[in-house]
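Below is one structure, written out as structure tokens; the observations come after it.
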Amino acid sequence: MRLITHTDIDGVACAVLMHVVEEIDEMKFVDPGTIQAGKLLICRFDIIADLPFDKRCCMWFDHHESSKPKEGAKIDGRWKLAPSAARVIYEYYESPYLEKYNAMLEEVDKIDSGNVKIEQVKNPQGWFLFSNTLETDAEKREDDDYRRHVIGLIIKNPDIDAILSDPKVAARAKNVLGEFEKFARILKENTVMVGKVAYSDLRMRRDLPKGTNYLVYSLFPHAITSVRLMPEKEDKNEVKLSVGHNIYGEKSTFDVGAAMKRFGGGGHRSVGGASVKKEDAEGIAKRLIAEINDWKG
């Protein structure tokens, strides 16, 4: 069977677990927009994890609130509101062979649900550092090969110190730490406060280094929410829109996932994203910022 999963740490963790409980002979790594736009040929031998539902697949596992099935809908697999899609898979199979991945799963839950301490943002280590090695400015094929490599490592030995000592992982981790410093400088130069929202317009930065969704809050601690526009890696005619609430400061009840769903994306109540057309990006961002600032919830 083929596993179609997300490109991030949760998608990789899903792949690790699925390799243990199912016969997976092929993996495809895509973003949610690819599924939602119907750009991928999917068949009844495909398993989809940590991505929106497609009725053509044989099994589906997800945890995003924006992907919740309609009441009474019959699906093979499971949707559950959980910290990660990997957690949904773990609980679905209840296999003793998955218990060795408990420590990894606890960390994936924290990272994917936005429960990352500010100290980790300022000094990345362990699984959080590893999670940021999965997507780089390299060609997608190179990133996909790397994901397959680390999935193999984790299946054999899920000890994070051993994983980080692997030459390929160590090289990427070192590069990530340098990229974070550059990203912090670029964020400072290209972010403005619009009411309660930190708005970062990075569309023109084709040389954009690696960064995290949390870094902006260490630089703009008074922001309740961040809205960011970035170049889309896979489609040059689109822009990546990323929205998230500040997990370290004042809390907002504005439903980010529901808002992103209106623009073909999705996510959770506190964080989400979408790929939007270049010509629409700025207007959508400004509309969202106005909605967030006016939100009385």
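The values are calculated or read from the model by the stated rules, or taken from the named source; none is laboratory data. Predicted model only: the values in this text are computed from it and were never measured. Positions of Cβ are backbone-derived with ideal geometry, glycine not excepted, and every protein chain shown enters the neighbour counts. These area figures cover heavy atoms from the full protein model, side chains too; ligands, DNA and RNA do not enter into them. Shrake-Rupley method; radii C 1.70, N 1.55, O 1.52, S 1.80 Å.
With θ taken as phi - 60° and the Karplus curve 6.51 cos²θ - 1.76 cosθ + 1.60 applied, the whole-hertz 3J(HN,Hα) list for the range 69-83 is x, 5, 3, x, 5, 9, 9, 8, x, 7, 10, 8, 6, 8, x Hz, x standing for glycine and proline. Bridgeable lysines around LYS74 (alpha carbons under 18 Å apart, same-chain partners fewer than 8 residues away excluded): LYS55.
Once the dipole of the chain is set up with Lys and Arg at +1 and Asp and Glu at -1 on Cβ about the Cα centre, which of LEU98, GLN36, HIS63 lies farthest towards its positive end? About the Cα centre, the residue reaching furthest to the positive side is GLN36.
Under the combined filter of DSSP loop state and at most 11 neighbouring Cβ atoms within 10 Å, the range 129-175 retains these GluC sites (Glu not before Pro): GLU139. Net charge of the neighbourhood of ASP46, taken over other residues with C-beta under 15 Å away and scored Lys/Arg +1, Asp/Glu -1, is -2. The solvent-accessible area of ASP137, taken with every protein chain present and a 1.4 Å probe, is close to 130 Å².
Tell me, what is the percent relative contact order of the chain, built from C-alpha pairs under 8 Å that lie six or more residues apart?
Across the chain, relative contact order equals 14 percent.
Here's how it looks for MET27: its modeled amide H is under 5 Å from those of LEU3, which are all 5 or more places away or on a different chain. Computed extension length for ILE186-GLU71: 36.9 nm, one decimal, from 0.36 nm per residue of separation with the Cα-Cα distance subtracted. Spin-label model, ASP25/ALA103: points 7 Å from Cα along the beta carbon direction are separated by 3.5 nm. Which is the longest stretch in the chain that no exposed loop site breaks, taking sites as chymotrypsin sites (Phe, Trp or Tyr not before Pro) with a DSSP loop state and at most 15 other Cβ atoms within 10 Å? Value returned for the longest uninterrupted segment is 46-247. Between LEU153 and SER95, the simple label model (points 7 Å from Cα in the Cβ direction) yields a spacing of 2.3 nm. At 18 Å minimum axial length over the Cα atoms and a Kyte-Doolittle cut of 0.5, report the qualifying DSSP H helices in the chain, or say none. In the chain, the long hydrophobic H runs are 9-21. Value of Rg to Rh for the range 9-52, rounded to two decimals, is 0.95; Kirkwood radius and Rg both from alpha-carbon coordinates. The listed residues LYS296, LYS168, once ranked by accessible area (1.4 Å probe) with the largest placed first, stand as LYS296, LYS168. Pairs spanning more than 20 Å between alpha-carbon atoms, out of LYS188/LYS261; LYS174/LYS210; LYS80/LYS140; LYS210/LYS236; LYS28/LYS140: LYS188/LYS261; LYS80/LYS140. Extension gain for ARG44 to ASP145 (0.36 nm times residue separation, less C-alpha to C-alpha distance): 33.9 nm. Round to a whole angstrom and tell me the spacing of the C-alpha centers of the range 271-297 and the range 1-65. A separation of 28 Å, based on Cα centres. The GNM of the chain, with springs linking C-alpha atoms under 10 angstrom apart, assigns the highest mean-square fluctuation among CYS57, CYS43, CYS14 to CYS43. Taking all protein chains together and rolling a 1.4 Å probe, LYS182 ends up with roughly 100 Å² accessible. Close amide H pairs (under 5 Å, H built 1.01 Å from N) link ALA198 with ILE224, THR225, SER226, VAL227, residues at least 5 positions away or on another chain.
Between the C-alpha center of the range 158-186 and that of the range 244-270 there is a gap of 28 Å.
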